1. Within 10 Å of each residue's Cβ, count the other Cβ atoms and sort Tyr187, Tyr287 from fewest upward.
2. Going by average Cβ neighbours within 10 Å, how do the peptides 28-34, 153-159 rank, with the highest at the top?
3. Using Cα springs under 10 Å in a Gaussian network model of the chain, which residue among Gly210, Gly88, Gly293 shows the largest mean-square fluctuation?
4. What's the magnitude of the charge dipole for the stretch 111-264 around its Cα centre, counting Lys and Arg as +1 and Asp and Glu as -1 at the beta-carbon? Answer in Debye, nearest 20.
5. Which whole-number percent is the relative contact order of the chain (Cα, under 8 Å, 6+ apart)?
6. Taking square-rooted eigenvalues a ≥ b ≥ c of the alpha carbon gyration tensor, is the stretch 152-308 rounded, prolate or oblate, where a/c under 1.5 means rounded and, failing that, a/b exceeding b/c means prolate?
7. Work out how much length Glu35 to His71 would gain on full extension: take 0.36 nm times their residue separation and subtract the Cα-Cα distance, in nm to one decimal.
8. Apply the Kirkwood formula to the stretch 177-261: the hydrodynamic radius equals the inverse of the mean of 1/r over all pairs of different alpha-carbon atoms; give it in Å with one decimal.
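Bear in mind these aren't lab numbers, they're just calculated from the coordinates by the rules spelled out. In this text, all values refer to a predicted model and were calculated from it rather than measured experimentally. We place every Cβ from the backbone using ideal geometry, glycine too, and count neighbours over all the protein chains shown.
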Amino acid sequence: MTTALITHPDGFNHSTPPGHPEQVARLDAVLGALEGMDLLRLKAPMAAEADLLRVHPKSYLDGLREDLPEHGRRQLDADTWLSPGSLGAAWRAAGAAIRAVDAVLGGEAANAFCAMRPPGHHAETETAMGFCLLGNVAAAAKHALDHHGLSRVAIIDFDVHHGNGTQDLVEDDPRILFCSTHEMPLYPGTGDPSDTGPHGTVVNVALRAGCDGAGMLAALEEKVSPRVVAHRPELILVSAGFDAHRDDPLAGLMLEAEDFARVTARICDLAADLCSGRVVSALEGGYDLEALGASAAAHVRILEERGR
Ligand SMILES: [Zn+2]
């Protein structure tokens, strides 16, 4: 068995204004760092409409299509933009996560990493925000449940920002345990630990600025792992943002690249115990290009070791 790497050149066609942190060069940094690794390389398909309709209403998807500029860019909120290639990229970013679920549940790969942009975990049911257009990981989780017939899945979001969008898309579904570790206070301002969702299947873990890898691992061990074990997921999905790195310009946590290897190893341990090692991970944030490449490589290296 092997680790699948799912990507597509359309990820380069989502163009943000000069100086925007969620830039085309991020995908180069990630793919460059994974070059030479022994991975099953798969092309990300466009997400099927039916897969997206599990998490977004048709009116929202149509609205994005109507807003798409023919040239130049259109601004959707303070930091979220559309360029002519944005929907191709976004549909393939969601399609990558869905394809990854198919690869892992179909036995094609032991686990998978999706290197695509734009990220997805801030996109709410009817609102694009925080650089995100579609709920990539949420759509993949629903696909695992509704298409593949799984009964329970868990999502672990270690991006430095709260995964408000994913929470919005999945909190009504008690088959999905959603765990987010994030710096607080920080954008988008949600994710207080008291917010556990309507079914108690949301686990929000707040970390203080300055928290390092040991602090992150302790939070994972004490607050996330026991809930994942109790949920008995048949698949673990990961929102892999690397902006908790100490060099990241958007946040104040102090992880090193190797800390992402340790976090990944802990997630893989859980998956080995609970669901035959099945992990589907998708890129979210990470805005210092060098730190992003090194952190993504550390993450995928552990997936690859565990997927053999
Ligand atoms: Zn982030």
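1. Tyr187, Tyr287
2. The peptides rank, most packed first, as 153-159, 28-34.
3. Comparing Gly210, Gly88, Gly293 in a Gaussian network model of the chain, the most mobile one is Gly210.
4. 380 debye
5. About 20 percent, as a whole number.
6. oblate
7. 9.7 nm is the gain from fully extending Glu35 to His71.
8. Radius from the Kirkwood sum: 13.5 Å.
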